[in-house]
Structures are given as C-alpha cells and as structure tokens.
Amino acid sequence: MNQFGSGSPRTGGDGLGPWSRFASWLECVCVVTFDLELGQAIELVYPPDVRLTEKEKTSICYLSFPDSYSGCLGDTQFSFRLRQSVGRRTSRFGDVYNRDAPVTLQREVSHFFGYVYFRQVKDVSVKRGYFQKSLVLVSKLPYIHLFHSLLQIIAPEFFEKLEPCLEAVCNEIDQWPSPVPGLTLNLPLMGVVLQVRIPSKTDKPGGSPVKQAAKENLLPAPTLLPTIHELDLFRCFQSVLIHLQMLWELMLLGEPVVVMAPSPTVSSETVLALVSSISPLKFCCDFRPYFTIHDSEFREYTTRTQAPPNVVLGVTNPFFIKTFQSWPHVVRLGEVRMAGDLPKQVKVKKPSKLKTLDNKPGIYTTYKTFLHRDKILIKRLLKGVQRKRPSEVQSAILRRHLLELTQSFIIPLERYMASLMPLQRSVTPWKTPPQIRSFSQDEFMSTLDHTGPQLTSVLKGDWMGLYRKFFRSPNFDGWYRQRHREMTQKLESLHLEVVCDADLLTWTRDKSEVEIVDLILKLREKLMKARIQQLQVKDGVLHKLDAFIHTMIITLPRDLQTVLHTDSHIDFNSDVVDSS
C-alpha cells in the first residue's frame, strides 16, 4: 500500500501530538482504486502514520465500491459503517465530547463510519475501459451531511490533481478547531468557509434551524450549512410514506430489518433515515447502511441456525434475496416511480412472496402495528407535493411528526424514571449516597392511565402492548443504562457538594489518625472518580476538597504525610465518606 507525504510525523501546534485536530474530526482519508490483479485496493491513506488493521483495510476496500449490480456510472455518494478491530485504543476526544453531545450524535466507540465519493467513467487508457476510484472519509462521528458536503468540495478537485490536493486538504482540516457541542465553527477548505453549529444535548429537540452567526470579517464569506447530520427524510421515505408508522415501530423495537435497494446511495440513505426516525432516542442495535457479501460479519449475520440478530442492513446485491428469505422484515425498494403527484407507494406482502426473480418493490413482513397510522400526516404531505412544496419543508414536517411520536412514547418513561431518584434531602455527607429505586415494569404500566402518551399524541392503538415489547428490546436496555448512569452521576455530584459544605475539620478533631487517613483516602478516591467521569459539580467544589485534603495531611505525623503525598493511588474498598 503506497502512502504519500514526507513520512515524518507532523507535530501538533496545540501540544496534543501529531495530527490532533485532524483526528478530532477524521480517523483518516483513504483512496480506493480497482487493480486488475488485486481487485479493490487501498492506493493511499492519509495521514501517513495512521494505524489501520489489515481487516479494517480489507473492509474499507470492499465497502468503498458499489457492487457490479448497481451499475453506477458517473459520480456516486454513499455511506457505510464497519466494526473496529478488537484492541483499538479509545480516542482521547470521546469522553468530553460525548458528555455534551446528544446521544444520537456521540462519537462511535467500536465502529467507523465511511463517507464515500465514487467515480466511474469511461477511460480508454485503462485496460478495463473504465476509471474507477473512491475517495473515502473515515470517521467516528455520524456527521453525514457535513462529510458528504466536504466530499462534494474535495473530490472533483482530487480526481484532477490527486495526491498533492489531498495532502493540502488534510493540512487544512488539521487547522480546524475541534468539534465542541454548542459552538458555531467556521471551517475553511479549498477556498470555501463552511459555517456549522455542533449540536448539544442541551438543545431543545426540533429547535429552530441554524442561523448565520454574527458577521465576521471573513473572506470568503462563510457558506452556512444548516445541519451537520440530518438527511432529506422526504426523499428517503417517499415510496414508503403510508407505512411510516410500521417502520418507526420496527426501529423502536430493534427488529431485524433488511433494506434491498437499487444502489448504495438509496441503501445507505434509507438505513440512516430509518435509524434516525426514533431520535432523540438512541438506536442501540447494530446498523450497516451498505453491507456486502465480503463483509467480515457476513456469516455472523446470515446464519440460519439461530434467529436473525437485531440489526438493520442495507444491501444492493440480488444474491441477498435468497440469503434473507428467513428474515422477518425485508424492505425492497426500486427506482422511484411517480404515481400521479406522489411516488408510487410500495405494498406490504407476505415474506413467502419474496422470490429471487421477482424484483417488485414491497415490504415483506407479517408485522401488525400496535398504533394506527396517521392519515392526517399523509394528506398533509400529499398536499405539499401537489403544491410543489420544497423537499426540505416536507422533510421538516416528517421530522417534526417522528419527533413528536417518539417524545410521546418516551416522556412517560422519563417521568417514571425521574420518580425513582432519591430526594435531594436524603443525600447527607456522613452516609453512602442513597440507591436509585429499581425500575418496575408493572408500576410503570399503572401510571399510563393518568400520564400516558395519550396526553401528547392523537394516535390511537395498543400503547401498552408497544411498551411491553419495547421492554424486551436493546433500545430499552440502552436507554435505561444511559439514564441510570446519568442519575448515578447526579447523586455522586450531589454527595460531593454536601461533603464540601460539611464542617469536616470539626469532625476530625476527636478522631484517631486511622480514621483521618481513611477519610483522606475516601475523599481522594471520590475526587479522582469525579475528574475521570467529569462530573458536573458547582464551581469550586473540587478545589475546596483538594485544599481540605491538603490541610488534613499536614496535621498528621511526618511519616504519614510522606506516605500520603507519595502514594495518591492507594487501593481501598469504599468510595464514600463514612463516620463508622
């Protein structure tokens, strides 16, 4: 594999090491080409010293080219997602960013996203008669719209100038500020300045679109990118609009779904749109926007000896029709055909009707929805088509509908979860923080008569049945673990604050050296945990406890002072302040 550049590691200008700013956005940039002897092969990787395993390189090669059935001539853009190799070190950017980002936009821990710009054009100078090459941005960030917008700027120039262009682009990206949730950033690239806002978890869901930031004397003037991650939902769902309720439920419940599409573009956009349909709830199952028979998980996901896994796969190869005949839900899409004003809507068919030679679009499933479909939404979208309403407006209507539907479902769960939190007055400095009460499904269900989704949603149906099935899904497990972790950290923060406000020096006056040392070690452990987990505490709390520990240490005999100063990482059992 050829790598370009000087080969010497670049020194980061911010003291964080080589390519640190670049690495906060991208893992690397790859160029994949077709070699007559090797097939797909990585031609270039930048930065030169990036670490990709052979398995990751092979996956990137196969996922960066449309399969031969797609017949993609010209330029094609699509996305993929692949599993990272075991043992890869976690990013130093993840903790702070993920703490403040919405759960749906957190940096991936165990997967990479690949954003592809593929070009296939006739070229008589090449043996096969075609020039075939892909430019791929590899990242742990799900910034679909931003990275595909970057490719539209970079790729046409790259295919003309090749290596020098790519090196210059990577050097420019390495000058960008890191993505910080809540900030609006100006990102210069190849004579263009893109202005983007990084969403924060404190943003109101479905809030106003991004507005141009205050005028700065920037030349050229920034190009505003209204979103870094949202897709054109209306275009993605236009042939399945009347089945939107069913698709939303399948995503909510984490059901195994295969999307068969005519191209990687349709495949990847549809899968990503499906996964985003339950936002702001995080989709906690695996999903592959573009999946091929060469994928390292192919056997794992296509075995017939066990039930299909909780995964959403996007495929284009007709071979998969036979492979996935046992799967419970297959969405088969064709090229979009208009039926009057609205694209022709696919029909729901029995899975047994899915045949290799029958390429008719359809949703092959026996699934029965718990909730009734929203006919008002369909009428509103149809009216928009008739009035030539712009696609972005139609998408905004769809996104608002899906957001309100998800919120109606999740708010009762959030309300009940909040009731499990101990009262603030029960947190005292001399006792272990009280436990969060256990989640009782029966107790939760009993609250629905008075505080259920019917308060915010007009949709009728079996909401209770939907909740019962949701409790058995990976999405409930992921949501519960996240909320429980946040509540536990909140209790830890409250405990730190009440400890800080307590008169600890008075408490130590009649205590033995052993008890004082025990208190110092426990406080030190709590401080270390608070810093590692980056707990949100009032200003000055950590500094005040640090000062108190120092004050206590200097009251002790010199030999103990030496031990406590030199060994600040002594292991001990408890991490709470306890007067026992």
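The values are calculated or read from the model by the stated rules, or taken from the named source; none is laboratory data. For clarity, every value in this text was computed on a predicted model and none was experimentally measured. Note that we place each Cβ from the backbone using ideal geometry, even for glycine, and neighbour counts take in every protein chain shown. These area figures cover heavy atoms from the full protein model, side chains too; ligands, DNA and RNA do not enter into them. Shrake-Rupley method; radii C 1.70, N 1.55, O 1.52, S 1.80 Å.
Going residue by residue through the range 539-554, is there one that turns out to be under 22 Å from Gln424 (Cβ atoms), assigned to a helix (DSSP H, G or I), not assigned by the TED database to the domain that holds Gln435 and not hydrophobic (A, V, I, L, M, F, W, C)? Yes; the residues of the range 539-554 include at least one that is under 22 Å from Gln424 (Cβ atoms), assigned to a helix (DSSP H, G or I), not assigned by the TED database to the domain that holds Gln435 and not hydrophobic (A, V, I, L, M, F, W, C). Annotation note: of Asp510, Asp477, the sole residue that is open to solvent by 60 Å² or more (accessible area, probe 1.4 Å) and closer than 18 Å to Ile278 by Cβ is Asp477. Take the residues of the range 120-147 that are open to solvent by less than 50 Å² (accessible area, probe 1.4 Å) and assigned to a helix (DSSP H, G or I): which is farthest from Phe34 (Cα to Cα)? Per the stated criteria, the residue is Leu146. Screening the candidates Gln84, Gln40, Gln106, Gln77 for the property of being open to solvent by less than 30 Å² (accessible area, probe 1.4 Å), touching a helix residue (DSSP H, G or I) at 6+ places or on another chain (Cβ under 8 Å) and either in the same structural domain as Ile198 (by the TED database) or not hydrophobic (A, V, I, L, M, F, W, C) (or both) yields one hit, Gln84. Within the range 302-326, being open to solvent by less than 10 Å² (accessible area, probe 1.4 Å) and not small (Gly, Ala, Ser) holds for Val311, Val312, Leu313, Val315, Phe320, Ile321, Phe324.
Of the residues Arg373, Arg387, Arg380, Arg415, which is touching a Leu at 6+ places or on another chain (Cβ under 9 Å) and open to solvent by 20 Å² or more (accessible area, probe 1.4 Å)? One residue alone meets the criteria, Arg373. Looking at Val385, Val393, Val346, Val331, just one residue is within 23 Å of Phe234 (Cβ to Cβ), β-branched (Val, Ile, Thr) and in contact with a His (Cβ under 8 Å, 6 or more places away or on another chain), and that residue is Val346. Listed by first and then second residue, the pairs linking a residue in the range 414-436 that is touching a residue at least 40 places away in the same chain (Cβ under 8 Å) and under 15 Å from Gln482 (Cβ atoms) to a residue that is open to solvent by less than 20 Å² (accessible area, probe 1.4 Å) and outside any loop (DSSP other than H, G, I, E, B), with Cβ atoms under 8 Å apart and 6 or more places separating them unless they lie on different chains, are Met417/Met487; Leu420/Met487; Met421/Met487; Met421/Leu491; Ile436/Met487; Ile436/Leu491.
Looking only at the range 446-470, which residues are surrounded by 17 or more Cβ atoms within 10 Å (Cβ to Cβ) and part of a loop (DSSP other than H, G, I, E, B)? If the condition is that a residue be surrounded by 17 or more Cβ atoms within 10 Å (Cβ to Cβ) and part of a loop (DSSP other than H, G, I, E, B), then Gly452, Ser457, Leu459 are the ones that fit.
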